[in-house]
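Report on the structure given below.
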Amino acid sequence: MQVPENIKIHPSWYSVLESEFSSPYMGELRAFLRQEKQSGKNIFPPAGQIFNAFNSTLFDQVKVVILGQDPYHGPGQAHGLCFSVMPGVRVPPSLKNIYKELHSDLGVEVPEHGCLQPWAEQGVLLLNATLTVEEGKAGAHQGRGWEQFTDAAVHALAEQREGLVFILWGSYAQKKGSFIDRHRHLVLKGPHPSPLSAHRGFFGTRPFSQANAYLQQRGEVPIDWALPAASALQRVAVEV
C-alpha cells in the first residue's frame, strides 16, 4: 500500500491504521503539534522517530507487545520506543528495574546502555500510549488524540493476530489492554517497574521467560532478550 509522503509509518501499519490518519482527531492532533512547534516548544521524540515503534516492528512480525505511557521528556532521551533511551543516555530508573528482573529471570547480563532497539527489531512492539511530549513537561500531550491512535493499534493486533504476548506493567497499561482475549493471546500483568511501584510485586514476575516459553510452545522463535554492547548497536532511527 502506498503511504502518503507526509506520514512516516511503515506500509504494514498504514494498511491497518489508514482510517485513523484521515479521522478528525488526527487532523486536530497534527494542528496541535504544528502550533506547539511554531511557538518554539521542543517536542520529543524528533519528528522522524515518532513512529519508530511501528517502523521497527512491522505489523505481521509483532510477537510481544510492551505498553508504556509517555515518551521521556528530557533532551536526547526519547526515540520512539517505550522505556528505551538513545545510546549514551543514562539508563532511567524504570529500565534499571526491568534489567534487574531480566537478569533474575534469565541470567542475562545487565547492559550499560538503555537502547532497546534490538528487541524491537526481533518483534517486540515497544509502544507508548502517547507518542509525543513537550520538553520538561511529562504528560503534556496526553488527551490530544494519541491514545485513540495507539488504542486502534492494540485493537488491530489483538483482533487480527493470534498468539501474541502482551506485557502490561501498571494499572494504566492494564486498563489499555483490558479487552484482550486471553484465549487468543498471553497477557502478563504486573506492577509498573518504576521505583515508586516496583516493590509491590514487579520483581519475580518473570515475564521474559514466560513470553519465550509461550512463543516456543507455538513454534515461534523466542526473543533474545540479551542486548549487545553499545558499541555493537546499529545506528538507531534518526530524524528526517
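The values are calculated or read from the model by the stated rules, or taken from the named source; none is laboratory data. Treat the numbers as computed from the prediction; the structure is a model and nothing was measured. Don't worry about glycine lacking a Cβ; one is built from the backbone with ideal geometry, like all the others, and counts go over all protein chains shown. Please note that ligands, DNA and RNA were not included when accessible areas were found on the heavy atoms of the full protein model with its side chains. Shrake-Rupley method; radii C 1.70, N 1.55, O 1.52, S 1.80 Å.
Here are some notes:
- Residue satisfying all of: in region 96-123; over 13 Å from residue 227 (Cα atoms) and either not hydroxyl-bearing (Ser, Thr, Tyr) or not in a helix (DSSP H, G or I) (or both); farthest from the chain's Cα centre (by Cα) among these: 105
- Conditions (1) touching a residue at least 24 places away in the same chain (Cβ under 8 Å); (2) surrounded by fewer than 18 Cβ atoms within 10 Å (Cβ to Cβ); (3) among the basic types (Lys, Arg); number of the one not met by residue 176: (2)
- Residue selected from region 179-192 under the condition in contact (Cβ under 8 Å) with a residue 12 or more places away in the chain and over 15 Å from residue 211 (Cβ atoms), by the criterion least open to solvent (accessible area, probe 1.4 Å): 191
- Hits in region 211-228 - residues which are open to solvent by less than 80 Å² (accessible area, probe 1.4 Å) and either outside any loop (DSSP other than H, G, I, E, B) or not small (Gly, Ala, Ser) (or both): 211, 212, 213, 214, 215, 220, 222, 223, 225, 227, 228
- Of all residues in region 109-156, those satisfying the criterion of being farther than 18 Å from residue 70 by Cα and buried (at least 19 other Cβ atoms within 10 Å of the Cβ) are 111, 113, 118, 119, 123.
- Close Cβ contacts (under 7 Å, 6 or more residues apart or on different chains) running from residues in region 41-59 that are surrounded by fewer than 24 Cβ atoms within 10 Å (Cβ to Cβ) to residues that are acidic (Asp, Glu) and assigned to a helix (DSSP H, G or I) comprise 43/36.
- Residue in region 1-22 that is least open to solvent (accessible area, probe 1.4 Å), counting only those that are among the polar types (S, T, N, Q) and outside any loop (DSSP other than H, G, I, E, B): 12
- Those residues of region 60-74 which are more than 23 Å from residue 135 (Cβ to Cβ), not in a helix (DSSP H, G or I) and not hydrophobic (A, V, I, L, M, F, W, C), in sequence order: 63
- If you filter region 23-40 down to residues that are charged (D, E, K, R) and in contact (Cβ under 8 Å) with a residue 12 or more places away in the chain, you find that the one that is most open to solvent (accessible area, probe 1.4 Å) is 28.
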